[in-house]
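The values are calculated or read from the model by the stated rules, or taken from the named source; none is laboratory data. Small disclaimer: the values here were computed from a predicted structure and weren't measured. Note that each Cβ is placed from the backbone with ideal geometry, even for glycine, and that neighbours are counted across all protein chains shown. Surface areas here come from the heavy atoms of the whole protein model, side chains and all, with no ligands, DNA or RNA. Shrake-Rupley method; radii C 1.70, N 1.55, O 1.52, S 1.80 Å.
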Amino acid sequence: MAASVAASVAAEQKSAEVTDWAARIGWLVGLVLFVALVYWLMREGWKWRGTLQGDLPELPTVPEDPGPAKLSMSGRYHGSTTAGQWLDRIVAHGLGTRSRVELTLTDAGLDVVRPGATDFFIPAEALREALLGKGIAGKVLSEGGLLVVTWEHGDKLIDSGFRSDHAAEHTEWVDALNNMINKSTKTEGAR
């Protein structure tokens, strides 16, 4: 008896028909306009940040003969920030664009090749420090999951974050970069 009553009640229940299409379409249009406004404000903020960082000089390019490769790595470029300020993203000259990356370390410096984004070169004399980090520019990874290279460009110290496709390479890169920086510092001090 109870099963037949439940079956007849279930058969009688239907969804209510939508009678006010104009209100629903109005809400949908309002939502789309709100999302478009938020996107436009974010884009304007990005452009404004680039304008504020307009005093940053053009990025160096690879020299004619950088020398043989000491190390190479493929992975991801997560962005650049003001040194020590892991959330102060630098967007001028395309440094704020996340992308795939191919890094090559030579005696001349660090060549950063980014398909679909602006390539740049960090001369050996501009390198200041390399370390293992866990976050940069809003990207947080596990401890030691990020290769952070500190370098000087113009009068500004910049941290650039890279993540290798093979995280075990990070330690080798930190050692190689810091050895290169130490040799460069000793050579400058001997002059």
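When the helix-only estimate is applied to the chain (DSSP H runs of n ≥ 4, each -39,500 (n - 2.57), divided by the residue count), what is the mean residue ellipticity at 222 nm, nearest 500 deg cm²/dmol?
It lands at -12000 deg cm²/dmol.
Among Phe162, Phe120, Phe34, determine the one that fluctuates most according to a GNM of the chain built with springs between C-alpha atoms less than 10 Å apart.
Phe34
Please build a GNM for the chain, connecting alpha carbons under 10 Å apart, and tell me which residue among Leu141, Leu37, Leu110 fluctuates the most.
Answer for the Gaussian network model of the chain: Leu37.
For Trp21, tell me the accessible area in Å² from a 1.4 Å probe, rounded to the nearest 10.
Here the residue's solvent-accessible area equals roughly 150 Å².
When ligands, DNA and RNA are left out and all protein chains stay put, how many square angstrom of accessible area per residue does region 49-91 have with a 1.4 Å probe?
Values: 2490 Å² over 43 residues.
Solvent-accessible surface per residue comes out at 58 Å².
Whenever you get a sec, line up Asp88, Asp175, Asp65, Asp111 from highest to lowest accessible area (probe 1.4 Å, protein heavy atoms). All intermediate terms of the calculation are to be shown ahead of the outcome.
Details: Asp88 55, Asp175 85, Asp65 130, Asp111 35 Å².
Largest accessible area first, the list is Asp65, Asp175, Asp88, Asp111.
Let me confirm the definition first: pairs of Lys residues in the chain, 8 or more apart or on different chains, C-alpha distance under 29 Å. How many are there?
13
Once a ≥ b ≥ c are taken as the square roots of the eigenvalues of the Cα gyration tensor of region 17-60, is the result rounded (a/c under 1.5), prolate (a/b larger than b/c) or oblate (a/b not larger than b/c)? If you can, show how the numbers build up before the last one.
Working: a/c = 10.65, a/b = 5.81, b/c = 1.83.
Because a/c hits 1.5 or more and a/b exceeds b/c, region 17-60 counts as prolate.
Nearest 10 degrees, 0 to 90: what angle lies between the long axis of helix 169-190 and the longest principal axis of the chain (Cα atoms)?
Between the helix axis and the principal axis of the chain, the angle is about 40 degrees.
Tell me the accessible surface of His93 in square angstrom (1.4 angstrom probe, heavy atoms of protein chains only), to the nearest ten.
It works out to around 60 Å².
Taking a 1.4 Å probe, which of Arg114, Arg98 shows the most accessible area, and what order do the others take after it?
Ranked list, largest accessible area first: Arg98, Arg114.
How much net charge surrounds Glu143 when only other residues with a Cβ under 15 Å from its Cβ are counted (Lys, Arg +1; Asp, Glu -1)?
+3
Using protein chains only and a probe of 1.4 angstrom, how many square angstrom of Met42 are accessible, to the nearest 10?
130 Å²
Ordering Glu143, Glu169, Glu64, Glu102 by how much accessible area each has at a 1.4 Å probe, largest first, what is the list?
Reading off the accessible areas and sorting them downward yields Glu64, Glu143, Glu102, Glu169.
Near the amide H of His153, under 5 Å away, which other amide H atoms are found, from residues 5 or more places off or on another chain, if H is placed in the peptide plane?
Those lying under 5 Å, H to H, from His153 are Ile158.
Which of rounded, prolate, oblate describes region 71-185, given a ≥ b ≥ c as roots of the alpha-carbon gyration tensor eigenvalues and a/c under 1.5 marking rounded, otherwise prolate only if a/b is larger than b/c?
Cα axes put region 71-185 in the rounded bin.
I need to check one value: relative contact order of the chain, counting alpha carbon pairs closer than 8 Å and at least 6 residues apart, in percent.
Averaging sequence separation for qualifying contacts and normalising by length gives 19 percent for the chain.
Give the carbon-plus-sulfur fraction of the accessible surface of the chain in %, rounded to a whole number; probe 1.4 Å, heavy atoms of protein chains only.
Ligands and nucleic acids excluded, carbon and sulfur give 58 percent.
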